[in-house]
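Nothing in this text is a laboratory measurement; each read-out follows from the coordinates by a stated rule. Owing to the predicted nature of the structure, the values given are computational and were not obtained by experimental measurement. As a convention, Cβ positions derive from the backbone with ideal geometry for all residues, glycine included, and neighbour counts pool all protein chains shown.
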Amino acid sequence: MFVTGLLVATAGCTANHVTPVVAPSSTATITSAPISTPAPEPAPDACARGALNRLDLAGRVGQVMMVGVEVTDPLSGYDEVAGFRIGSIFLAGRSSAGADEIRIVAAQLQADAIGTTGTYLHIAVDQEGGNVQTLRGPGFTDLPTALEQADAGIDGLRSQTAAWAAELAGAGVTLDLAPVADVVPAGTAASNPPIGASARQYGSDPAVVGPLLASVVAALEEAGVGATVKHFPGLGRVRVNTDTSTGAVDEQTTADDPALQPFKAGIDAGATAVMVSSASYPQLDPDNLAPFSTAIVQALLKDRLGFPGVVVSDDLGRAVAVSGRTPGQRAVDFVAAGGDLVLTVDVDDARPMTDALTTRARSDPGFSARLDDAAFRVLVSKQNAGLLIC
């Protein structure tokens, strides 16, 4: 993993020793030496806070963006978006080049990014298993589907994931857009195109899926790869794919739904990020798709479930589910709803999305504060990953 260690300076304090003063009378009066006060410990997020304070508005906007670049030629893709000071990239597509080549490319991307953004990049992939595996070739294990992985049990799955996560870390990947927390009800997999039809789920019982998911999150995080629990609040009940349709609706999920248990398990296990789906959940918000819903992103995920990390969108670029809004409006509405990291797989979205975020922040103090909070959350995740220099 291409990581630069944090250089956090701490100030020391030396006590002033004062010689006791003896009064001329027969009774000695001794003055007390001043008590030295230890220097306060730096706040746990001091590095991230300092990084935020050094960024201008364009830099902060760049930190809340993740743009997909073609994994077979990521350097050219990054060149297209570097001018927008994009802080995170997603390696889109599929590669069989192997770990050595990805490691070299990741190092070059990081070298290019530090001079442009002042921070290193989050480099993300979809490394779930089965049909959803960005990186293959020498140095990368061919992963079974999540449903097959679950057969290993909690301990076995954690051990397997640790090995797979080490491969990613060694290749310079900092964020895995996995694991899938969606629960597909028994007997409905074939009619659930986004998840069940490809066996991307760990099971059909939330009580079983939760501990399995937590073991995957823990193994990824311990290996130095951020885990992204997805697709909140769940795609296991929808009947169409948000990538290809506008009709993905979950009529059942409520704020007390047992299907939320795996998401909570992943949060409690220390997941770096949670990805929000682009489906509709009328019981939670009858008016807005999930990524544009304050009720779902802020009130349910952040406030009620207590998620302190980075809320990332599913693709807001080419996904048909969000096609009713312009790219710029998608980015603004997601951040306004409580989102922190806007993901688009279309490099052409970098300009309209960053322009829209900048324009809104300049005209709306409340949105500007929300943008700062989003950028700060991303920077905290980078601090934890060793991607900041302080």
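Taking neighbour counts of Cβ atoms within 10 Å as a proxy for exposure, in what order, fewest first, do Glu221, Glu101, Glu128 appear?
The order, fewest Cβ neighbours first, is Glu101, Glu221, Glu128.
In a GNM of the chain with a 10 Å cut-off on Cα contacts, which of Ala150, Ala248, Ala46 has the highest mean-square fluctuation?
Ala46
So for each of 304-313, 75-84 I average, over its residues, the number of other beta carbons within 10 Å; can you give me the resulting order with the highest mean first?
Averaged packing, sorted descending, gives the order 304-313, 75-84.
Once phi is turned into ³J(HN,Hα) by the Karplus curve 6.51 cos²θ - 1.76 cosθ + 1.60 with θ = phi - 60°, what whole-Hz value does each residue of segment 207-217 show in order, with x for glycine and proline?
Those phi angles translate into 5, 7, 5, x, x, 5, 4, 4, 5, 5, 4 Hz.
Roughly how many debye, to the nearest 20, is the charge dipole of the chain about its Cα centre, given +1 on each Lys and Arg Cβ, -1 on each Asp and Glu Cβ, and no other charges?
840 debye
Where does helix 365-384 land angle-wise versus the long Cα axis of the chain, in degrees 0 to 90, nearest 10?
80 degrees
Per-residue HN-Hα couplings for segment 181-197, Karplus 6.51 cos²θ - 1.76 cosθ + 1.60 at θ = phi - 60°, whole Hz, x for Gly and Pro?
9, 5, 9, 9, x, 3, x, 10, 4, 5, 9, 10, x, x, 10, x, 5
Between Arg325 and Asp373, what's the calculated FRET efficiency when r is the beta-carbon distance and R0 is 22 Å? Round to 0.05.
Working from the Cβ atoms, E equals 0.50.
Relative to the compact globular guide of 2.2 N^0.38 Å, what is the alpha carbon radius of gyration of the chain, as a ratio?
1.12
Tell me, Val347, Val183 in order of fewest to most beta-carbon neighbours within 10 Å?
Ordered from fewest to most neighbouring Cβ atoms within 10 Å, Val347, Val183 come out as Val347, Val183.
In whole Hz and in residue order, list the ³J(HN,Hα) couplings for segment 92-105 that follow from phi through the Karplus curve 6.51 cos²θ - 1.76 cosθ + 1.60, θ = phi - 60°; x for Gly and Pro.
Result, ordered by residue: 8, x, 9, 9, 10, 6, x, 5, 4, 5, 4, 4, 5, 5 Hz.
Antiparallel versus total DSSP beta bridges in segment 46-384: what percent is that, nearest 5?
Around 10 percent of the beta bridges assigned by DSSP in segment 46-384 are antiparallel ones.
What is the set of long-range amide H partners of Leu343 at a cut-off below 5 Å, with H atoms built 1.01 Å from backbone N?
Met66, Ser313, Leu316
Scan around Phe140 for amide H atoms under 5 Å from its own, H built in the peptide plane at 1.01 Å from N, and keep only partners 5 or more places away or cross-chain.
Ala99
Could you line up Lys382, Lys264 from fewest to most neighbouring Cβ atoms inside 10 Å?
Lys264, Lys382
Identify, among Ala385, Ala162, Ala48, the residue whose Cα sits farthest towards the positive end of the charge dipole of the chain, taking +1 on the Cβ of Lys and Arg and -1 on the Cβ of Asp and Glu, with the dipole about the Cα centre.
Ala48
Fully extended, how many nm does the chain gain between Ser245 and Val208 (0.36 nm per residue separation, minus their Cα-Cα distance)?
Here the segment from Ser245 to Val208 would lengthen by 10.3 nm.
What does the helix-only formula give at 222 nm for the chain: each DSSP H stretch with n ≥ 4 adding -39500 (n - 2.57), the total divided by the residues, and the result rounded to the nearest 500 deg cm²/dmol?
-10500 deg cm²/dmol
Using modelled backbone amide H atoms (1.01 Å from N, in-plane), which distant-in-sequence or interchain residues come within less than 5 Å of Val229's amide H?
Under 5 Å from the amide H of Val229 lie the amide H atoms of Ala273, Val274, Met275, each far enough along the sequence or on another chain.
Just name one of Gly210, Gly118, Val132: the one whose Cα is farthest towards the positive end of the charge dipole of segment 75-210 (beta-carbon charges, Lys/Arg +1, Asp/Glu -1).
Final value for the positive-end residue is Gly118.
Calculate the tail of P(r) for segment 279-390: the fraction of all Cα-Cα distances greater than 21 Å, expressed in %.
Tail of P(r) above 21 Å: 37 percent of Cα pairs.
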